[in-house]
1. With the checklist (1) modelled with pLDDT under 95; (2) over 22 Å from Met148 (Cβ atoms); (3) exposed (fewer than 15 other Cβ atoms within 10 Å of the Cβ); (4) not basic (Lys, Arg) in hand, flag the one item Asp47 doesn't pass.
2. Out of (1) in a loop (DSSP other than H, G, I, E, B); (2) out of contact with any helix residue (DSSP H, G or I) (no Cβ under 8 Å at 6 or more places or on another chain), what's the single condition that is false for Phe88?
3. Are any of the residues in the stretch 68-85 closer than 22 Å to Phe203 by Cβ and either exposed (fewer than 15 other Cβ atoms within 10 Å of the Cβ) or over 25 Å from the mean Cα position of the chain (by Cα) (or both)?
4. How about the stretch 164-188: which of its residues are closer than 19 Å to Lys100 by Cβ and assigned to a helix (DSSP H, G or I)?
5. Starting from residues that are of a type in the set (Ser, Thr, Tyr) and at pLDDT 95 or above, keep the ones in the stretch 64-85 and report whichever is nearest to Gln101 (Cα to Cα).
6. Please go through (1) charged (D, E, K, R); (2) at positive phi; (3) assigned to a helix (DSSP H, G or I) for Lys128 and return the number of the only condition it doesn't satisfy.
7. Select from the stretch 20-68 the residues that are in contact with a helix residue (DSSP H, G or I) (Cβ under 7 Å, 6 or more places away or on another chain), closer than 17 Å to Phe88 by Cβ and outside any helix (DSSP H, G or I) and list them in ascending order.
Amino acid sequence: MNYFVNKVLPILIAILLPFIILMGGVRAIMTPAFAAGEYRRASFPEDAYGFSHEERLKWATYAITYLVNNQGINYLGDLQTTDGQPLFNPSELGHMEDVKQVVKTASTVWYGAMGFVLAAATWILVVKKWQPLRKALNAGAWLTLGLMVVVLGLLSLNFDTLFDRFHRLFFSEGSWLFFPTDTLIRLFPLVFWRDAFILVLGFALVIAIVLIGLTRKRKRLSPPQPVQPA
């Protein structure tokens, strides 16, 4: 039992922590508020095909909300432009279904990982083993920091390649490629995803650094030495 508490549980906590932190950042930006902030930036590109700021935010809100609600694809498929045309074409709808499945799976794993880490941490504290928990959180934070530094380095070298590799990892070949006139590109151009990546990675870096500071090993203060009488 001591080996399990001192070694196995801390290792599992450290391994799961980077995913928990990173997914926390992803879920934090998966809101219409992030899109609204992006659209308000002076340097954010305008839609070259006619969406106003209000229309862009309206349709983006539908797209983002779809990813986290329990509605079917008709939630987006029934949307129409002002001239009565479908807002999203079949390829876009198919991709959004794929994205929703990835989000759903990742969220399920995230909730499970958080539940496991919380239960493991509680058990370690119940048996009064603070040091293994401190080491696990510290190691997980350092692992997160290292991974985020690597990804930020790749991001600074070539975001297009990183973005392409990311999609190849989760989606079938070419299913994420659209024309500039398609709604998904008009709502979420490449700069939107670049900013999203940077924000999520920055969030993970901050959390990791704070956690490292909170869980670092403290030096024990030496007891005062008795003073010899003169």
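The values are calculated or read from the model by the stated rules, or taken from the named source; none is laboratory data. Keep in mind the model is a prediction, meaning the values are calculated, not measured. Backbone-built Cβ (ideal geometry, glycine too); neighbour counts: all protein chains shown.
1. Failed condition: (3).
2. So Phe88 meets the others, but not (2).
3. Yes, the stretch 68-85 has at least one match.
4. Across the stretch 164-188, the qualifying residues are Phe166, His167, Arg168, Leu169, Phe170, Thr183, Leu184, Ile185, Leu187.
5. Ranking the candidates gives Tyr66 first.
6. (3)
7. Asp47, Tyr49, Phe51
Yes or no, residue by residue, for (1) in a helix (DSSP H, G or I); (2) more than 27 Å from Gly202 (Cβ to Cβ); (3) at pLDDT below 90:
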{"position": "His95", "(1), (2), (3)": "yes, no, no"}
{"position": "Val102", "(1), (2), (3)": "yes, no, no"}
{"position": "Ser107", "(1), (2), (3)": "yes, no, no"}
{"position": "Leu118", "(1), (2), (3)": "yes, no, no"}
{"position": "Ile124", "(1), (2), (3)": "yes, yes, yes"}
{"position": "Arg134", "(1), (2), (3)": "yes, no, no"}
{"position": "Leu137", "(1), (2), (3)": "yes, no, no"}
{"position": "Leu145", "(1), (2), (3)": "yes, no, no"}
{"position": "Val150", "(1), (2), (3)": "yes, no, yes"}
